[in-house]
Amino acid sequence: MTKRLKNADEAEAINAKGVSRREFFTQGAAAGVGAAALMSGTGAASAAVSATDDIQWDYEADVVVVGAGCAGLPVAIRARDGGLTVIAVDQNFDPGGKMLHSGAQVSLGGGDPVQLRDIAGQADKEGFITVPPIHKPEEMTEDVDFLFNDITDWSVVDAAAMAPYRYNEREEHRAWADNCYGTRQFLIDNYIRFGRIQGTHPNGGISRARRAVAFLKLGDKTDIKAGTVTREDAGIDGKSSSAFAPRFMADGSQIAGPNTVTNGGALSRGLEFSAREKGVQFMLNRRMVELIREQPFSGRVIGIKAEYSPRFDPDTGKQLTSYWTQGNMEETRSTVYIRARKAVMVSTGGHSQNPQFRSMFYPAWRDPAYGSSAMALLGPHGQDASGIIAGMRIGATLAGMQQNLGTNITGHIPTRIATFDSYTDMLPGHPTFSYRGSTGITLGSSSYEHLVAVNQVGKRFYNEMALGSSYPTPVWPGGKSAGSPTSSMDHVQGDWRNCSPDWVRQMYNKYSHIDAAIAMNEGSTAPDFYSGPLWAIFDAGTLDRDGWDISFPFTSDKNGTFFTADTIEDLMVKLTQYRYQRVPAKHLKETIDKWNSYVDGGKDPDFAREADAPMHKIDTPPFYAALIAPIWHDSYGGLRISGKAEVIDLEGNVIPGLFAGGEASGGGQQHGLGRCLVHGYIAGNSIVQMKG
Amino acid sequence: MSVLHSPIHDNCTCTVDVLDGEVDAGHGFRVRASARCAQGCDLSGVTIAFHAPGGELATAMLAEADDDGGYTTDEVTLAAPASAGHHHFTATIAPSAEGLAHAAPPAAFEVAAKAHAARLNAWDLPSAIVAGEAFRFKVGVKCSADCDLAGKPVALFDTDQRQVSTAQLGNDIWPGTTALFFAEMAARAPVDAGRHEWTLAVPADEAGLPPHAAGTAVLSLNVVAAPECSVTVETIAQDGQTPIQGARVVMHPYRAVSDEHGIARLRVARGDYTILVSAAKHLPIRRDVTLTADLITRAELEHEPPPANPDDFY
């Protein structure tokens, strides 16, 4: 039969020259024509072998990258740099993954090019950076061995007495440290502008300053090559996000200079632009559901099976489309098979939005009432462990699973209420805003004075003043608040004193509010014993005292996360409208009455809140309920990888043709971008260097 | 060859599920009807009629067959009678457009209607009331079915159930609410210092249509002895050394709010206190004092940085 094969080699012929967004769109349309022409070509037949003989491959490329985010885009670019053809598959409608809404905080180190630039007191070549280095040269001076020791330092414990570096995979981290220099330079070479080194990103090591943030300069047009973004695309503070950047891009004047802005838009869009320019082909709206290996548990990985996963605006029904279209492959069939001649890269992200998976580490998190960061941006298939599970099904082993419990940002309670997507502050303007419906009310820690927090049955569960608390991670500049007995410059790697019991007793400061929040309650029933949603209850007096803005877009009366009522009894009824409010909040009236009596008495016998701040009655109508949404932000633990980012099987052997990185991989406790970007860089190099 | 149908299909069934429990008299309640033809007719699009003793209440069409071959309507909201008690209804299958009748016993169902509940709430009550002195506060009453309560009486009873004050709910509803009628009440505090729990009450109107049940709420009074000392707290922003307006100063049970000069004044009895001071966008502070004379003190509050967006750090 005729093979419906489309060859990504044709991408060689599509090499964008666009500089502005408008030009890029124009060229994108042209590229779409090119892709369509390929549809009719028969091309070369695929050579499926062994148990995969029956597979009719629909597409073929040297490298299939699954997940076009923080780890995936570097692989794709690196592979194209090496002359390989690449199809990047992503379940979402737009590339970038969670990197797109990140803070673009990239901690590398070991004497990376930005450290060296700042040590020398230099600016960037474009002259955007007009502020002097933030750190003294000695605070950034290190070599790769020093970095490796820092990120595998067994002696460091954090303020929750967790050990963020002790369990890191050695081979993986040696390779990571070895490749920080190359990765930073690679990023700079692919349109990423970094500001001054400023401190260190969580779990990026304690002894030196290593973090640089990607930025763009405000300009008349959004132009990645020129390094500029318009005010509109960067977002208007408190008013709007944009299709370019789902979150308002923050002021970069401290790390770069006036009229600069930072966040994941500067990082993700830069890499995406470069990938498209270099001929990476993107098959968006396509979720990988299976890795295909020659034999179920042996042989090479030769491709993937992927299903169509379009997203539609819940308000208008209109399909969401990518910001840029250059290099997009239009494909709407339900299922396609994509053959990888050399390698498949699993860069699908983690498992934070898979309640079954994450509950392996903390059973209470099996409740789907608790979400993942970037839910609106990534949609229902984001961070769903699909890559990890697909790897497990063909024999891959896992690593670092226990590290999910080793950092403060994994399962936590963000301080943003009245939205399900509580981790981020997305404003209207990004196409996925409709999925969340509200930005949420962002609280400072002092604002908790004005609310009572209750669980699904309407009972308080912890001292509300602690809900805004979190313990810090051991990073620059160190010291007691970070869990280290000395400042970072004085930190002695591997010194037993860093974690002596006396010291741990002194600096331990973890609050257990998240554990209390998701504990079983009388509304929890077998078999899952879901804990259910949490609510902030407050009144008109709160708004008067603390100035909360409950107007749209901060709240919405349509998404079930914010209710207004004349009485507490009415509020109880309204809460049942929320999809995860499975039982009535039957104790709410009694709880508020009791709270008001505590205020009258000047004491909170339940949680001793009177010691922390004034207590206020909740008695002035109207009354409000805003969702408090626990979030599993990032995830740790995933496919075990080698120093070359190869996936390892249960016997400790490499699975040929399969690579992984970022949150789909395990064995590393470093948070976020630094880990993922280097993994992608390593994987890209490894694939290019593969023989055959 | 055509199949001739009898104009009447006997032994059909019709049932109704009442989806709500007890409802407010005169208020809506939800039902869903199901039907099945003994001869297996497709009943989708066939009408179900809901009847009260006085006549037809509503109709609804049966939807497509479910997995079990039954046909069900969407949820239908019917109005309960305005009186309290158990009310009985029936539902029947209406003849199809082709004149085919599905004979089924009328499906009987009932709903329990109750008197509307009165929900009371009091606010703006002074946190400390000097023994024997007059005080004022607001009381709001909301009907569970959002009825107009303008002119309804509210009474205040002391610990011994003696009526000490009355008021009538006004014609307006409280700003921001949909049906909370309110009044301002005045009363005189007991002469004994300490906590006193009085009772606010609205009487029942059982004979009304719809009927309304009585409602009560506790009014908790902190009655204090005559103040002996004055406390002046100057609230200052630590960074700019500027006065903070609207700062809360609490010396339980006394409370005050700072003015435009950052000054909060309290009149309190002698004794041991914890002074708690807080203000929007500032971190709260506390100080323990033993008060034997007038006190003038200064509270410097540290500015709380704008809430950090975790994505800017992680």
Worksheet, complete the sentence: Restricting to Cα pairs under 8 Å and 6 or more apart, the percent relative contact order of chain A works out to 20 percent
Discussion item. Roughly how far apart, in whole Å, are the Cα centres of segment A:55-124 and segment B:221-274?
Written reply: 58 Å
Worksheet item: All other residues with a Cβ under 13 Å from the Cβ of B:Cys143 taken together, and with Lys, Arg as +1 and Asp, Glu as -1, what is their net charge?
Response: -3
Fill in: Span from the segment A:171-222 Cα centroid across to the segment A:567-634 one, whole angstrom
43 Å
Practice prompt. Find, among the chymotrypsin sites (Phe, Trp or Tyr not before Pro) in segment B:132-212, those assigned to loop by DSSP (not H, G, I, E, B) with at most 13 other beta-carbon atoms within 10 angstrom.
Written response: none
Fill in: Cβ-derived FRET efficiency at R0 35 Å, B:Thr178 paired with B:Arg270, nearest 0.05
0.15
Worksheet, complete the sentence: With a 22 Å threshold on alpha-carbon distance, the violating pairs from A:Lys574/B:Lys142; A:Lys459/B:Lys281; A:Lys98/A:Lys574; A:Lys594/B:Lys138 are A:Lys459/B:Lys281; A:Lys98/A:Lys574
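Rounded, prolate or oblate: which fits the protein assembly as shown, taking a ≥ b ≥ c as square roots of the Cα gyration tensor eigenvalues, rounded meaning a/c under 1.5, else prolate when a/b beats b/c?
Note, shape of the protein assembly as shown comes out oblate.
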Discussion item. Projecting each Cα onto the charge dipole of the protein assembly as shown (Lys/Arg +1, Asp/Glu -1 at the beta carbon, about the Cα centre), which of A:Gly547, B:Ala103, A:Gln383 comes out farthest on the positive side?
Written reply: A:Gln383
Worksheet item: Considering chain B as a Gaussian network with a 10 Å cut-off on Cα pairs, which listed residue, B:Leu301, B:Leu120, B:Leu100, attains the greatest mean-square fluctuation?
Response: B:Leu100
Fill in: Long-range HN-HN contacts of B:Lys114 with modeled amide H, under 5 Å
B:Val23, B:Asp24, B:Ala25, B:Gly85
Practice prompt. Give the long-range amide H neighbours of A:His430: residues separated by 5 or more places, or on another chain, with amide H under 5 Å away, using H modelled in the peptide plane at 1.01 Å from N.
Written response: A:Ser241, A:Ser242
Worksheet item: segment B:101-151 to segment A:478-497: how many Å between their Cα centroids?
Response: 61 Å
Practice prompt. List, in order, the whole-Hz ³J(HN,Hα) value for each residue of segment A:565-579 obtained from phi through the Karplus relation with A = 6.51, B = -1.76, C = 1.60 and θ = phi - 60°; use x for Gly and Pro.
Written response: 8, 6, 9, 5, 4, 5, 4, 4, 5, 5, 4, 5, 6, 6, 4
Item to complete: Note the angle between two axes, namely the Cα long axis of helix A:264-277 and the longest principal axis of the Cα atoms of chain A, as a number of degrees from 0 to 90, rounded to the nearest 10.
Response: 10 degrees
Fill in: Cut-off under 5 Å, modelled amide H: who pairs with A:Gly96 long-range
A:Ala68, A:Gly69
Discussion item. Quick one: 3J(HN,Hα) in Hz for segment B:287-301, Karplus 6.51/-1.76/1.60 with θ = phi - 60°, rounded, Gly and Pro as x.
Written reply: 8, 8, 9, 10, 9, 10, 8, 4, 9, 10, 9, 10, 10, 9, 9
Worksheet item: Can you list the HN-Hα couplings for segment B:9-16, worked out from phi with the Karplus curve (6.51, -1.76, 1.60; θ = phi - 60°), rounded to whole Hz and with x for Gly and Pro?
Response: 9, 7, 6, 7, 10, 9, 10, 10
Worksheet item: So which of A:Lys510/A:Lys558; A:Lys510/A:Lys586; A:Lys136/A:Lys225; A:Lys510/A:Lys644; A:Lys125/A:Lys691; A:Lys217/A:Lys278 end up more than 29 Å apart by C-alpha?
Response: A:Lys510/A:Lys558; A:Lys510/A:Lys586; A:Lys136/A:Lys225; A:Lys510/A:Lys644; A:Lys125/A:Lys691
Worksheet item: So what is the relative contact order of chain B, in percent, for Cα pairs below 8 Å that sit 6 or more residues apart?
Response: 12 percent
Worksheet entry | Helical contribution to [θ] at 222 nm, DSSP H n ≥ 4, -39,500 (n - 2.57), averaged over the protein assembly as shown, rounded to 500 | -4500 deg cm²/dmol
Worksheet entry | Convex hull of Cα atoms in segment B:118-224, direction-averaged projection (nm²) | 6.5 nm²
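A short reminder: the numbers here are calculations on the coordinates, not readings from a lab. These figures come from a predicted structure and were not determined experimentally. Neighbour counts are summed over all protein chains in view; Cβ atoms, including those assigned to glycine, are modelled from backbone coordinates with ideal geometry.
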